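The values are calculated or read from the model by the stated rules, or taken from the named source; none is laboratory data. Predicted, not measured: the structure shown is a model, and the values here were computed from it. Positions of Cβ are generated from backbone atoms using ideal geometry, with glycine treated the same way; all protein chains shown enter the neighbour counts. Heavy atoms of the whole protein, side chains included, go into the accessibility calculation; ligands, DNA and RNA do not. Shrake-Rupley method; radii C 1.70, N 1.55, O 1.52, S 1.80 Å.
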Amino acid sequence: MTKIIIIDDHQLFREGVKRILDFEDSFEVVAEGDDGSQAVGLYEQYKPDVILMDINMPEMNGVDATAKLIETHSDAKIIILSIHDDENYVSHALKSGALGYMLKEMDADALIDAIKVVAEGGSYLHPKVTTNLVNEFRRLAEAEFTGNFQQVEVRRPLHLLTKRECEVLQMLADGKSNRGIGEGLYISEKTVKNHVSNILQKMNVNDRTQAVVTAIKNGWVEVR
């Protein structure tokens, strides 16, 4: 059973998330809070596997609460929930120790996937956030060159990945969710998850974002 705490100052949002999670037999929402200042106390009392933490709260925001919690409980697994897809918000959240960053426009399946991945020690970013981080990487890459940055010829890593895994990697770089990849390639989400897991293992990276950044650096995907 994966124990979950929800910390968000909007009660209706908390109730909506709780209803979604209640449909998962392996999930249990053990506590709720309405401000980041409650994070440490709730964590110590309930020892959750995952905390869902709103980024904007009145007394203590989610980033500060995450940093404070990680100081004393470095193994805490936190997913930030936010309406902001700006890379500055994302980077601050990740630097504070969060393992996930989800936009509140997420669908139920994405939230469930994120919790499962983070509970197992992985990291999970909303696909739209991944796209923005990739765009920021492109901007920084352009700044390193004089003149306009030109996309070099894509060299598929067929020495490392299968042809299908290369297709999945490209769609990850395009910011597609598991569902979007499955629909685009006419395969099931379960099959997509297996491909992503194999890609991460073969590339020796921890999460989808690292895989995309590594692929861009090596010219394995088109940047579009």
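For the residues 162, 72, 131, a GNM of the chain with alpha-carbon springs under 10 Å puts the largest fluctuation on 72. The residues neighbouring residue 211, those whose beta-carbon lies less than 14 Å from its own, together hold a net charge of +1 under the Lys/Arg +1, Asp/Glu -1 convention. 3J(HN,Hα) along the stretch 170-183: 4, 6, 4, 5, 7, x, 6, 7, 4, 5, x, 5, x, 5 Hz, from the Karplus curve 6.51 cos²θ - 1.76 cosθ + 1.60 with θ = phi - 60°, whole Hz, x for Gly and Pro.
Taking a point 7 Å out from the Cα of residue 206 in the direction of its Cβ, the residues of the stretch 35-62 whose backbone N falls within less than 19 Å of it are 49-53.
Compared with the direct C-alpha span, the chain from residue 25 to residue 193 gains 58.5 nm at full extension, assuming 0.36 nm per residue.
Looking at the stretch 1-82, the chymotrypsin sites (Phe, Trp or Tyr not before Pro) that sit in a DSSP loop and have at most 11 other Cβ atoms within 10 Å of their own Cβ are 23.
Treating r as the C-beta distance of residue 11 and residue 95 and R0 as 35 Å, the FRET efficiency rounds to 0.75. Computed per residue of the chain from DSSP H runs no shorter than four, each worth -39500 (n - 2.57), the mean residue ellipticity at 222 nm is -15500 deg cm²/dmol. Largest GNM mean-square fluctuation across 173, 108, 76, computed for the chain with C-alpha springs under 10 Å, falls on 108. Dividing the convex hull volume of the alpha carbon atoms of the stretch 164-224 by its residue count gives 70 Å³ per residue.
Rg to Rh ratio, the stretch 1-140, alpha-carbon atoms and Kirkwood radius?
Looking at the stretch 1-140, the ratio lands at 0.94.
Sorting 196, 117 by accessible area puts them as 117, 196; the probe is 1.4 Å, largest comes first, and only protein heavy atoms count.
With both labels modelled 7 Å from their Cα along Cα-to-Cβ, the residue 160 to residue 128 distance reads 3.0 nm.
Computing FRET efficiency as 1/(1 + (r/R0)^6) for residue 214 and residue 84, where r is the C-beta to C-beta distance and R0 is 22 Å, gives about 0.30. Annotation: extensible slack from residue 46 through residue 108 equals 19.9 nm (criterion: 0.36 nm per residue apart, minus Cα-Cα distance).
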